[in-house]
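*Asks:* Can you read through this structure? Questions will come right after.
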Amino acid sequence: MRTLVRGGLPCLNVSSEQSSTPNDDLNPEPQEAREVEHQAELAAEHEAVFGSEAREAENHALKKRANLALLKYGLARLALFVVLTAVIQTAAYLIDSPVPLMISALLALLVAFPLSMLLFSGLRVNANASVAAWQERRQEEKEWVREELAKR
């Protein structure tokens, strides 16, 4: 740190490597140590709010459960669509009235949508509940981050 004279008045030139605050003289603890302590406090608070690795494992399990439930429901709906397309094509072949595959697929799509909501209601409810639980956990973490950022 150097003393400079500007306009006849002495002033301090603070280098970019070292910052000086009025409390630096009262608190001999270096800035770096305070930063480490602050980070440790934040980590401890985060662990208190969200838990430790067990909480992270639970978050991962929620995400995995939601993805698996969505995959099951999506595959069940896809299978229903394929089966209905095959049934329509087979019925058209049996009555000796050829129907283009695209037309039977569109008809199967129209029938599969409401039918899947009735047939696979349990899978749908499970998928919705799993995604809602995962989203709720994510919202809790986002709120915590917002609160921490607002404190700074």
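Read-outs throughout are calculated quantities, based only on the coordinates presented, and are distinct from any laboratory measurement. As the structure is a prediction and not an experimental result, all values here were calculated from the model. Here the Cβ positions follow ideal geometry from the backbone for every residue, glycine too, while neighbour counts run over all protein chains shown.
*Asks:* Report the charge-dipole magnitude of the range 56-151 in Debye, nearest 20, computed about the Cα centre from +1 at each Lys and Arg Cβ and -1 at each Asp and Glu Cβ.
*Replies:* My answer is approximately 60 debye.
*Asks:* Moving on to the next point. For the range 56-151, report the % of Cα-Cα distances exceeding 24 Å.
*Replies:* Value for the range 56-151 (Cα pairs over 24 Å): 47 percent.
*Asks:* Another question, then. Between Lys72 and Lys151, what FRET efficiency comes out of the Förster formula 1/(1 + (r/R0)^6) with R0 = 35 Å and r the beta carbon distance, rounded to 0.05?
*Replies:* 0.25
*Asks:* Straight-line reach from Lys142: which lysines have a Cα under 22 Å away, not including same-chain ones fewer than 8 places off?
*Replies:* Lys63, Lys64, Lys151
*Asks:* Work from the charge dipole of the range 59-141 (Cβ charges, +1 for Lys and Arg, -1 for Asp and Glu, about the Cα centre) and give the residue of Leu78, Pro98, Leu110 farthest towards its positive end.
*Replies:* Leu78
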